[in-house]
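What follows is a set of notes on a single structure, which appears directly below.
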Amino acid sequence: MFNELLALGPLYLWGLTFIWLTAFYMVKRVYKDYMIRKTGGVRSAVLATNPLFGLQFFIKAGYKQMNDRLLDYYEGLFRWSTPECPNCVEIAFNGGVRFIITRDPEHVKTVLTTKFGEYGKGPQFHDIWSPFLGDSIFTTDGQLWSDNRALIRPMFIKDRVRDLEIFEKWTDALISKLPGSGVTVDMMDLFYRMTLDVTTDFLLGHSVNSLNNPKHEFVDSFQEVQRIQMLLTILAPLRYLIPKHRYNRGIRVLERFVEPFIARTLSLTPEALEKLSKSDKDFTFLHNIARFTRDPKVIRDQLMAVLIAGRDTTAATLSWTVYELANYPAIYHKLRNEVLAVVGASRSPTYEDLKSMTYLTHTLNETLRLYPAVPYNVRAALQDTTLPGEPGQPDIGVLKGDIVVYSALSMQRRRDLYPPVSEKFADPAIFSPDRWDSWTPKAWNYVPFNGGPRICVGQNFAMTEMAFTMVRLLQKYDRLEYRGDWRAQYHRAEIVGAPGHGVPVAWHEADHGDVA
């Protein structure tokens, strides 16, 4: 039989293979359609259901990500949407798992809260991310996720965050690294180094001292691992083809750094840890986790997760804030006036001071509206379920294992989700903290910290750190000047979205503490 087929010639064999594959994927599509109908839903706009058409989308996504144009690619997918489903499309690579891509607030609400138990990170996400983040809060579901959150949450309670000593220590170190008045400096580089120092100090009680040692092996490896991790996530069906030597080497560097701290902490008895928690200001995140588990891997996984969340998101948001303020002197001066009116030119702000500065909060919220720290996120269907359809339209069927990809970055830039432009409401594409004086986003249209049970546990910590840092800079400098091509800036999407050109600016030191 085999010899007879070979005798037919290669062209005939290619034809048979094509016919067989066509029939195979047609059958798979019919079966998928049947399963989707069983959920009571329908498909969203279909871009591809097989490798012939699906492969191009994943390759293009990887190319766009590597060239820092992922948002353009993501929003371009909705050109293929339909009037019945304008903000959701689907792509399948092998006829199996469907990638449902959305920028619909109702879909975000559904996966994060309404049907929280039906959506989670899923086994594929865990498989892709576990070499880096293990079985941490960001990679697990169900009881394991709940246990992880319970481990982390106590260190982010209000009383802990109110202690601003760690923020003051490293903000002072940051400002000491700024050059003289009017000299250009890349603030993004300094913010990333400062927040790494804050986070490692908070987690371990010992900083990597990145502000004084920018070429630290840990810093380079941390960046490299994240870059490759994002590529592995985008090219999920093709991830086995991506070389992982640098990725694995980077993870080993990170682990070598944290392992001595874990071992030292585990050398303390449970009684010593409990006593430390009640009486010592040196009680760290690491000590707190060790009170509840003696498993080094569990501790390692939680440290990695909080490290990435605590360092990159805060640094990126501060970078975007300074980038925007440098282009709007009137906003900068209004913000500085508020700071000087509340705390003066030199006094260190208290937690209550920070929370009382409404315009400062509006400024950070506006930055997070235009540049949510985690621009893209995913959830997997843990069972057959649905996403809500447009009003008057059927729901979208989602099968167990399907991946829902949602983008806060794309969703929060949808013009149709905002009021008309007016004197009180600037064009939504423009940075305008003043809009928040008379406007509050509708629920689920603005999700910079996610929402529902998985809402960011460190939200208050991050907002407090950013506010404290901005206050200290605004106290010292009365003018900010951008030293790059402001319009050439672009969004570099890795796990966290950051300014692709950095933030080259010059600070101009105030001669006195008068209100500007």
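Descriptive notes on the structure:
- Close Cβ contacts (under 7 Å, 6 or more residues apart or on different chains) running from residues in segment 85-107 that are in a loop (DSSP other than H, G, I, E, B) to residues that are open to solvent by 20 Å² or more (accessible area, probe 1.4 Å) and of a type in the set (A, V, I, L, M) comprise Phe93/Leu55.
- Output for segment 108-136, where each listed residue is in a loop (DSSP other than H, G, I, E, B) and either among the polar types (S, T, N, Q) or open to solvent by 10 Å² or more (accessible area, probe 1.4 Å) (or both): Lys115, Lys121, Asp135, Ser136
- Failed criterion for Leu178 (all others in (1) at pLDDT 95 or above; (2) within 24 Å of the chain's Cα centre (by Cα); (3) closer than 26 Å to Pro499 by Cα; (4) not hydroxyl-bearing (Ser, Thr, Tyr) hold): (2)
- Residues in segment 92-104 that are over 15 Å from Ile36 (Cβ atoms) and open to solvent by less than 10 Å² (accessible area, probe 1.4 Å): Thr102 only.
- Test result for Val208, over 29 Å from Tyr119 (Cβ atoms) and surrounded by fewer than 20 Cβ atoms within 10 Å (Cβ to Cβ): no
- Out of Glu465, Glu509, sole residue that is of a type in the set (Asp, Glu) and touching a strand residue (DSSP E or B) at 6+ places or on another chain (Cβ under 8 Å): Glu509
- Only one of the listed residues (Leu399, Leu409, Leu387) is in contact (Cβ under 8 Å) with a residue 60 or more places away in the chain, touching a strand residue (DSSP E or B) at 6+ places or on another chain (Cβ under 8 Å) and within 26 Å of Gly497 (Cα to Cα). That residue is Leu409.
- Boolean, Val225 is in contact with a Leu (Cβ under 9 Å, 6 or more places away or on another chain) and either in contact (Cβ under 8 Å) with a residue 24 or more places away in the chain or not β-branched (Val, Ile, Thr) (or both): yes
- Residues in segment 166-179 that are of a type outside the set (S, T, N, Q) and free of Cβ contacts under 8 Å to residues at least 40 places away in the same chain were compared, and the one that is surrounded by the most Cβ atoms within 10 Å (Cβ to Cβ) is Ala173.
- Cβ pairs under 6 Å, 6+ apart, first in segment 277-300 and under 18 Å from Thr199 (Cβ atoms) and at pLDDT below 90, second outside any helix (DSSP H, G or I) and open to solvent by 30 Å² or more (accessible area, probe 1.4 Å): Asp282/Gly205; Thr284/Gly205
- Checked against (1) touching a residue at least 12 places away in the same chain (Cβ under 8 Å); (2) out of contact with any helix residue (DSSP H, G or I) (no Cβ under 9 Å at 6 or more places or on another chain); (3) not β-branched (Val, Ile, Thr), Leu144 passes all but condition (1).
- Qualifying residue in segment 142-163 (condition: within 30 Å of Glu324 (Cβ to Cβ), out of contact with any strand residue (DSSP E or B) (no Cβ under 9 Å at 6 or more places or on another chain), among the aliphatic types (A, V, I, L, M) and open to solvent by less than 30 Å² (accessible area, probe 1.4 Å)): yes
- Residue-level analysis places Ile128 outside the set of residues that are within 23 Å of Ala45 (Cα to Cα) and among the β-branched types (Val, Ile, Thr).
- Neighbours by Cβ (under 6 Å, 6+ apart or cross-chain): first from segment 148-159, over 19 Å from Pro296 (Cα atoms) and modelled with pLDDT of 80 or more; second among the small types (Gly, Ala, Ser) and open to solvent by less than 40 Å² (accessible area, probe 1.4 Å): Phe156/Gly458
- Filtered residues of segment 464-488 (kept if of a type in the set (Asp, Glu) and either touching a residue at least 24 places away in the same chain (Cβ under 8 Å) or within 13 Å of Asn337 (Cα to Cα) (or both)): Glu465, Asp478, Glu481
- Qualifying residues in segment 15-62 (those that are surrounded by 13 or more Cβ atoms within 10 Å (Cβ to Cβ) and among the aromatic types (Phe, Trp, Tyr)) - the one modelled with the lowest pLDDT: Tyr25
Okay, residues lined up against (1) touching a residue at least 12 places away in the same chain (Cβ under 8 Å); (2) in contact with a strand residue (DSSP E or B) (Cβ under 7 Å, 6 or more places away or on another chain); (3) open to solvent by 50 Å² or more (accessible area, probe 1.4 Å):
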{"residue": "Pro214", "(1), (2), (3)": "yes, no, yes"}
{"residue": "Thr233", "(1), (2), (3)": "yes, no, no"}
{"residue": "Ala236", "(1), (2), (3)": "yes, no, no"}
{"residue": "Arg239", "(1), (2), (3)": "yes, no, no"}
{"residue": "Pro243", "(1), (2), (3)": "no, no, yes"}
{"residue": "Leu254", "(1), (2), (3)": "yes, no, no"}
{"residue": "Phe257", "(1), (2), (3)": "yes, no, no"}
{"residue": "Ile262", "(1), (2), (3)": "yes, no, no"}
{"residue": "Ser267", "(1), (2), (3)": "no, no, yes"}
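- Of all residues in segment 264-284, none are assigned to a helix (DSSP H, G or I), touching a Phe, Trp or Tyr at 6+ places or on another chain (Cβ under 6 Å), within 20 Å of Leu133 (Cβ to Cβ) and not basic (Lys, Arg).
The values are calculated or read from the model by the stated rules, or taken from the named source; none is laboratory data. Since this is a predicted model, take the numbers as computed values, not measurements. With ideal geometry, Cβ positions are generated from the backbone for all residues, glycine too; neighbour counts draw on all protein chains shown. In case anyone asks, the SASA skips ligands and DNA or RNA and just uses the protein heavy atoms, side chains included. Shrake-Rupley method; radii C 1.70, N 1.55, O 1.52, S 1.80 Å.
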